[in-house]
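Here the structure is laid out as structure tokens; the discussion comes afterwards.
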Amino acid sequence: MSGAAGGGVQSAGLGAVVAAAAASSCSSSSGSGSVALLGGGSGIAGRLPSRVLEHIFSYLELPDLMQCSLVCWHWYNCLSDENSEVWRSLCSRVLSDEAMRTDILCNISTYKSKLKSFQHALSTHDCSRNVYIKKNGFTLHRNPIAQSTDGARGKIGFSEGRHAWEIWWEGPLGTVAVIGIATKRAPLQCQGYVALLGSDDQSWGWNLVDNNLLHNGEVNGNFPQCNNAPKYQIGERIRVILDMDDKTLAFERGFEFLGVAFRGLPKGCLFPAVSAVYGNTEVTMVYLGRPLDG
């Protein structure tokens, strides 16, 4: 990742100072911080020109910007432009050059959304010891380890709302290649070449190789549209749609809605997940946010 650690420490301190000073300024003019927030901030902080605020904000990190957006309506509006210099500057510090210049994030329209995708990417810490996340921050690489199935979870799980993400294989699938969701208790490594996602009651998966929908070690059907060879083409983007309000998991392929794969998902936190068996294969996951259909 670009950006120096020292700069991050300095900007974090600056963010705390700016937010605290602004909150004090806004509240002192009205006698109430909450009134100042709703009224737009009539103190000095609320009167700073947008171009000055953008310049200051462009040095801050994401947690500081989230705090600043709560200071007053003026600051909130200044940060509401997701393609502003503020978010572009943060992208240049947080995201890798590869992620920004290749088509990994081609379906993400704003700088702020690109940052959100990175926040939800596959985790470098919550994965099998036989895989690692490449420097682009979004792509899993599986090492050529024999007789092992290896997986990874996303950094952030979901307990409510509707969420969509894209997953695609950038290398051979091997005999098993599964995408889906998992709880925090689901294993991410096992012996042999198996469909790890969907092998127990803690995960739900779609094996792209044989088109089977898997949960609790059983086949729960398939997608008839995907029965003809090739069932999956390398580089083809699969969209995963998790609805934690209706407790369903669905899939799209090539913008064709394939259908709901699983219903009756449990309450709790569910994470995007993948599992792979082929040596040196690579899998990329990009979080898209709320599905476009609402």
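The values are calculated or read from the model by the stated rules, or taken from the named source; none is laboratory data. What you are looking at is a predicted structure, and each value in this text was computed from that prediction instead of being measured. Cβ coordinates were reconstructed from backbone atoms using ideal geometry, including for glycine residues, and neighbour counts include every protein chain displayed. Note: accessible area is taken over every heavy atom of the protein model, side chains too, but ligands, DNA and RNA are not part of it. Shrake-Rupley method; radii C 1.70, N 1.55, O 1.52, S 1.80 Å.
Of note:
- Of the criteria (1) buried (at least 17 other Cβ atoms within 10 Å of the Cβ); (2) within 22 Å of Y278 (Cα to Cα), which one Q191 fails: (1)
- Test result for D200, more than 22 Å from R253 (Cα to Cα), outside any strand (DSSP E or B) and at pLDDT 95 or above: yes
- Applying a threshold of 9 Å to beta carbon distances and a minimum spacing of six or more residues, or different chains, the list of pairs starting in the range 255-276 at a residue that is over 15 Å from I179 (Cα atoms) and ending at one that is of a type in the set (K, R) and not in a strand (DSSP E or B) reads R263/K247; G264/K247; L265/K247; P266/K247; K267/K247; G268/K184; C269/K184.
- Filtered residues of the range 131-140 (kept if out of contact with any Cys (no Cβ under 9 Å at 6 or more places or on another chain) and open to solvent by 20 Å² or more (accessible area, probe 1.4 Å)): Y132, K134, K135
- Verdict on G180 being in a strand (DSSP E or B) and surrounded by 17 or more Cβ atoms within 10 Å (Cβ to Cβ): yes
- Residue tally, condition closer than 14 Å to T175 by Cβ and either modelled with pLDDT under 95 or acidic (D, E) (or both), over the range 212-232: 2
- Of S42, S28, all but one fail to be in contact with a Ser or Thr (Cβ under 8 Å, 6 or more places away or on another chain), farther than 24 Å from F138 by Cβ and modelled with pLDDT under 70; the exception is S42.
- Near pairs, Cβ below 9 angstrom, 6+ apart or cross-chain, from the range 128-151 (without any contact (Cβ under 8 Å) to a residue 24 or more places away in the chain) to any residue that is buried (at least 21 other Cβ atoms within 10 Å of the Cβ): Y132/L140; Y132/R142; I133/A121; I133/L122; I133/C127; I133/T139; I133/L140; I133/A152
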